[in-house]
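Asks: Please read through the structure below; I'll follow up with questions.
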C-alpha cells in the first residue's frame, strides 16, 4: 500500500482555554473521499483550516504524502480548498478565476489558456470563460470553484461545506456530481459537513466529530449499523431513545428497565455493560416491525401495543408516531412500503416489535 | 390612488427641482453668462471672450492654474499611499472593539473645523513653532527653522485635511471583501504582492476612485490651507478667484476663473472615471 | 495581511508601528492646539509660561477669555443659527429626495440623480461665487424694475445658509437614501393591510425606521455647516460665522484665545458625534 495522502497526528488546537480540536489522529488513503461530519462548533472547520495552513496547530503534526507541512506557508502547500461560500474572485471573469493559481506558478499564457479550457470541458461548462462570476447559477459557481482548485492538481482537495448555500434540489444533484468529479479527477477529497446525508452518500470514509474529538471513523454503513458511541447512534440516522438501567447481562445480551418502567432486550456489541449500569438505548424507526395482528410480532423479543397519535407522510420515508399502552414516550416507526398500512389512521391501535439485537445500548456513565 | 400618487410625486420632486434649479444649475449658467461679458463702459456690457483671453494671455494665471492642478494630483496620490495601509489595517486586521475605536479615531479630527487643523500645523511648523524648537533643542539645527510658507507645508496640510475622505471609502469597500477571498488567493499559490495586485486593489477600486475624486476636489478648491500654510505667494488658483471677486471686484474675470476651475475639475474627474471604468453613481451614490 | 495568513514578526511589528505613527500624525496638530489654550502667554508657542484658565474665563486685558470676548460669542451664535437652519432644510429636502429616488420611476431619473450628486464635485468656492453672482443678478433686476432692495440676496446670513444648503443636501440625501434602501417595503404593506392609509403608513412605520438616519443626517449637516469655510467665505456679509471670524483674527496674528475657541469646538463636535453614535447604537 502506498503512503497515505494525508495524515494528522495528535492534532490539537486551543483558543485560549477552549480546546477546539482535541488530540485528533487520522489517515486518509490516496484517492479516497473522506468526510468529517459533526454539528456546528465541533471543530471540523478548525481541522480544515489547519490543513490548509490558515491556522497553526497548538500541537501535533500534519503530513501530506509523508512530509510534514507545518512549516509550509498556505500558498506553498500542495492542498487547495473550496471555501464555504466558494470565495470566487468577483473582480475576475471565470477564466481569470480558474487560471489564477496557474498564473501564480508562472505558466506561459497559452498553456494556462489550454488548461483552463480543459478544466471547463471537464466540469461540463465549456465556453463560459469570459463570463462574470455573478452571471453563473449556484451549481455552476460550485463547479467553477472546484475547477479552480483542480487545475492546480493538488494532492488533497479540501471542501468546507460547499453545498450549504444551495437549495435542496440542487444539493441533491450536486452530491452525485461531486462524487463523479472526484472519481474523474482521481484526487483525495476531504469534505466537511454537518449534513449526514451528504457524508453518507459521497464518502468512502466518514469521521464523526463532536466537541473537538473524533467519535468514530468508518464507512457510512458501519456508522449507521454499528455506531460505537451514543453520540454517533443519535447523530447518524434517526433513532428512538430511552434511558434505563441494565438488569441482566449475559454475553452481550442485556435486559434493561427504562425509567418509565418498560423492560427491553438489547445488546451492547461488546461494550461490556454490567448489571446496574445506566444505559442509553437506541432503536431505529426502520428496525421496528408494525402489524395489525398481535401474532405477527410474537416472534420478536420486544413487543408493544400502541395507539397512533400522528402520521407523518413523507413518501418512501413515511412514519407513524405511537403512544404505547404501557405508557412512556412516543415511539417513531417507519411504515412499510407494501401499502399494507396505507389506510392507517389516527387512534388506530397497532402492534409493534423489534429484535433485541436492534436495540443498541451504550453506557450513560454513572450508575 | 392614481391621483394621490401623482400628487405625491409632484410634492416630492418640487424641492429637488427648486434646489437643483435655483442653487446649482441656474447660478452656474448665470456665472457663465457673466464670464463671457466684457465691460465697455459704466453699466454697459458686450458679449465676448475677453476674460478668457485675459486668462490665457497672462502666464502667471496659467502657471498658477497648472501648479494648482499638479499639486492637487500629488496631494491625492500621497493621501492614497499613506491612507491605504491604514484603511486595510482597520478593515481587515483590527477586530471588534479595536476596529471600531480606530475607525472613530480616524473620524475625530475631521469633526473639527479645517481652520483649527490648519492652525495646529501653523503652531507646529512656524519659525517659533514646536518642531523648530525641538530641532534646536536636539541640536539638529542651530537657529530657528522656518517650515511654514513653502510647498511642503501646503502638502502636509492638504494631505492631513483630506485624509478622512480617502480612508473612510477605502475602509468601507475593503470591509466588504470576504476574508475567504483573500485566503483563496493564498491557497491557490498567491503571495502578498499578487494578492494585493489582483484581488485587494481591484476590489477596493470603487473606494480608491471615490476617495481620490473627493480628495482631489477638496485640494483643488481649498483656499484656507494654501493661504495659511503657503503664505501670500502660494500661487493657488482659488486665491486668484477670491481676489478678483472680493478685492478687485472684477466679477467678470473672477467668473471666468471660476469656470476654468470647474472645467479643470470636471475634466479630471471625468477622465478618472473613464480610465477606471467607474461611474459617478457607482463611486459617489 | 489578514490574521489567518501568517506573517514574519518584524513585518507585523513594522506594520503596527506605521499605524501608530499615522494616528500620531492625526493627533499631533489637535493636541498642540489644545495644550496651548492653557499657556499663560500672549502667543500659542513655546516657551511654556505656566498653566492658566484665563483664555477661557479671563475678563481683563490683555487676557480676555472666550466667555468674555463678545465678537467671538456673536460669531458662535451666528454659526449656530446658520447650522440649525441648514440642517433642518437639508434634512427635509434630503428626505423628500430619498423618497423620490426610492419610490418613483420617472423620465430623466438618471439625469436627476447625477445632477443631485454634482454638488459633491463642484469646488466649494465655485458654488459660492455662482450663488453670489446669481443672487446679485436677481437683486439688481428687482432693483432696476421695482426699485426694491432685497437685503436677503446680498452677502449675509441668508446667502450663507443657501450656499451651505446647496451641497450639504446632497450628503444628507445619500445618508437617508442609504437607510431607506434597506427598508423592507412589506412592512409598509402590512400597515396598509392593517387599515392605515398610505401617509399614515409612512408616518408610523417608515419614518420611525428612518429616524437614526434623519438624526445622523442632521448631525452631519450641523457639523459640516459649522466648519464650512470655502463656500461661506464668498457669501459672508457683516455677520460672520465663527470660522470666518477666526480666520480674520488668525491673519492678524494669533493668541491662545484662538486655541481656547478651537478646544471648545473640538469638545463640542466630539460630544455631538458621540451623541449620534450612542443614538445609532441604541436603535
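Coordinate-derived values only; no laboratory data. Fair warning: this is a prediction, and the values are worked out from it, not measured in the lab. Using ideal geometry, Cβ is built from the backbone for each residue, glycine included, and neighbour counts are taken over all protein chains shown.
Asks: Based only on other Cβ atoms within 10 Å, what is the fewest-to-most ordering of A:28, C:114?
Replies: Taking fewest neighbouring Cβ atoms as first place, the list is C:114, A:28.
Asks: Report relative contact order for the range B:59-284 in percent, whole number only (criteria: Cα-Cα under 8 Å, sequence separation at least 6).
Replies: With pairs under 8 Å counted, the relative contact order is 27 percent.
Asks: Return the FRET efficiency for the residue pair residue B:54, residue B:18: r is the Cβ-Cβ distance, R0 is 35 Å, and the value is rounded to the nearest 0.05.
Replies: It comes to 0.50.
Asks: Most fluctuating residue of C:97, C:140, C:230 in a GNM of chain C with Cα springs under 10 Å: which is it?
Replies: Among C:97, C:140, C:230, the largest GNM mean-square fluctuation belongs to C:140.
Asks: Still on this structure, I have one more. Report, in deg cm²/dmol and to the nearest 500, the calculated mean residue ellipticity at 222 nm for chain B, where each DSSP H run with n ≥ 4 adds -39500 (n - 2.57) and the sum is divided by the residue count.
Replies: When only DSSP H runs of four or more count, the value is -22500 deg cm²/dmol.
Asks: Can you classify the range B:12-107 as rounded, prolate or oblate using the Cα gyration tensor, where a ≥ b ≥ c are the square roots of its eigenvalues, rounded means a/c under 1.5, and otherwise it's prolate if a/b beats b/c and oblate if not?
Replies: Oblate is the answer for the range B:12-107, as a/c is 1.5 or above yet b/c matches or exceeds a/b.
Asks: Sticking with this structure for a sec: Which length gain, in nm to one decimal place, applies between residue A:293 and residue A:248 when the Cα-Cα distance is subtracted from 0.36 nm times their residue separation?
Replies: 13.2 nm
Asks: Report, as a whole number in µm² per second, the diffusion coefficient that Stokes-Einstein gives for the protein assembly as shown at 25 °C and 0.890 mPa s using the Kirkwood radius over alpha carbon pairs.
Replies: 72
Asks: Considering all alpha-carbon pairs of chain A, what whole percent are spaced by more than 30 angstrom?
Replies: 50
Asks: Determine the shielding of peptide B:157-164 by partner chains: average, over its residues, the number of Cβ atoms on other chains within 10 angstrom of each Cβ.
Replies: Rounded to a whole number, the mean comes out at 1.
Asks: Points 7 angstrom from Cα along the Cβ direction at residue C:12 and residue C:24: gap in nanometres?
Replies: 2.2
Asks: When only alpha-carbon atoms count, how far does chain C stretch along each of its three principal axes, as whole angstroms with the largest first?
Replies: 76, 71, 34
Asks: Taking a temperature of 20 °C and a viscosity of 1.002 mPa s, what whole-number D in µm²/s does Stokes-Einstein yield for the range C:80-241 with Rh from Kirkwood over alpha carbon pairs?
Replies: 123
Asks: Given the C-alpha centroids of the range B:211-285 and the range B:132-201, what is the distance between them in whole angstrom?
Replies: 23
Asks: To continue, here is another question. What FRET efficiency do you get for residue B:32 and residue B:282 if R0 is 30 Å and r is their Cβ-Cβ distance, rounded to the nearest 0.05?
Replies: That gives a FRET efficiency of 0.55.
Asks: Given Cα pairs under 8 Å that are at least 6 residues apart, what percent is the relative contact order of the range B:97-168?
Replies: 29
Asks: Further question: May I ask for log10 I(q)/I(0) of the range A:238-363 at q = 0.11, 0.20, 0.21 Å⁻¹, from a Debye sum over the Cα atoms as equal point scatterers with solvent left out?
Replies: With no solvent term, the Cα-only Debye profile gives -0.37, -1.08, -1.16.
Asks: Also, quick follow-up: Would you calculate a helix-derived [θ] at 222 nm for chain C, using -39,500 (n - 2.57) for each DSSP H run of n ≥ 4 and dividing by the full residue count, to the nearest 500?
Replies: After summing the helix terms and dividing by residue count, I get -24000 deg cm²/dmol.
Asks: A further question follows. Roughly what would the spin-label model give for residue C:252 and residue A:19, points 7 Å off Cα along C-beta, in nm?
Replies: 7.6
Asks: Can I ask one more? Return the equivalent ellipsoid semi-axes of the range A:107-192 as a descending list in whole Å, where each equals the square root of 5 times an eigenvalue of the C-alpha gyration tensor.
Replies: Here the semi-axes work out to 21, 17, 11 Å.
Asks: May I pose another question? What does a probe at residue C:74 reach in the range C:214-258, counting residues whose amide N is under 11 Å from the point 7 Å along Cα→Cβ?
Replies: The answer is C:238-240, whose backbone nitrogens lie closer than 11 Å to the label point.
Asks: Calculate how many DSSP beta bridges within the protein assembly as shown are antiparallel, expressed in % of all such bridges and rounded to the nearest 5.
Replies: 80
Asks: The range A:7-60 to the range A:302-322: how many Å between their Cα centroids?
Replies: Using only Cα atoms, the two centres lie 40 Å from each other.
Asks: Under the definition of Cα pairs under 8 Å and six or more residues apart, what whole-number percent is the relative contact order of chain A?
Replies: Rounded, it is 15 percent for chain A.
Asks: Follow-up. For the modelled label position 7 Å from the Cα of residue A:137 along Cα-to-Cβ, which residues of the range A:181-206 have backbone nitrogen atoms closer than 19 Å?
Replies: A:181
Asks: Using only Cα atoms and rounding to the nearest 10 degrees, what angle (0 to 90) does helix A:94-104 make with the longest principal axis of chain A?
Replies: For A:94-104 against chain A, the angle is about 70 degrees.
Asks: Follow-up. Nearest 5 percent is fine: what portion of the DSSP beta bridges confined to chain A is antiparallel?
Replies: Counting DSSP beta bridges with both partners in chain A, the antiparallel share is about 75 percent.
Asks: I've got another one for you. Sort C:52, C:186, C:231, A:46 so that the residue with the fewest other Cβ atoms within 10 Å of its own Cβ comes first and the one with the most comes last.
Replies: C:186, C:52, A:46, C:231
Asks: Further question on the same structure: Quick one: plug the Kirkwood hydrodynamic radius of the range B:59-284 (C-alpha pairs) into Stokes-Einstein at 10 °C, 1.306 mPa s, and report D in µm²/s.
Replies: Reported coefficient: 81 µm²/s.
Asks: Let me ask something else. Kindly list the residues of the range C:238-255 that lie in the label zone of residue B:128, defined by a backbone N under 16 Å from the point 7 Å along the Cα-to-C-beta vector.
Replies: Backbone N within reach: C:250-255.
Asks: Still on this structure, I have one more. Among B:270, B:236, B:111, which one shows the highest mean-square fluctuation when chain B is modelled as a Gaussian network with alpha-carbon springs under 10 Å?
Replies: Evaluated over chain B, the most mobile residue of the options is B:111.
Asks: Give me Rg over Rh for the range A:121-272, both radii from the alpha carbons and Rh done the Kirkwood way, two decimal places.
Replies: In the range A:121-272, Rg relative to Rh is 1.15.
Asks: Report the label-to-label distance for residue A:107 and residue C:186 in nanometres (one decimal), using points 7 Å from each Cα along the Cα→Cβ vector.
Replies: That separation, rounded to one decimal, is 4.6 nm.
Asks: Moving to a separate point now. Using 0.36 nm per residue of separation minus the Cα-Cα distance, give me the extension gain between residue A:309 and residue A:76 in nm, one decimal.
Replies: Roughly 77.9 nm would be gained on extension.
Asks: I've got another one for you. Which FRET efficiency value, to the nearest 0.05, do you get for residue C:193 and residue A:153 by plugging their Cβ-Cβ distance into 1/(1 + (r/R0)^6) with R0 = 60 Å?
Replies: 0.55
Asks: For chain A, set up a Gaussian network in which alpha carbons nearer than 10 Å are linked by springs, and say which option among A:90, A:78, A:285 fluctuates the most.
Replies: For chain A, modelled as a Gaussian network with Cα springs under 10 Å, the answer is A:90.
Asks: Another one. Using only the alpha-carbon atoms, what does the range B:85-168 span along each of its principal axes? Please give whole angstrom values in decreasing order.
Replies: Reported extents, whole Å, longest axis first: 48, 26, 19.
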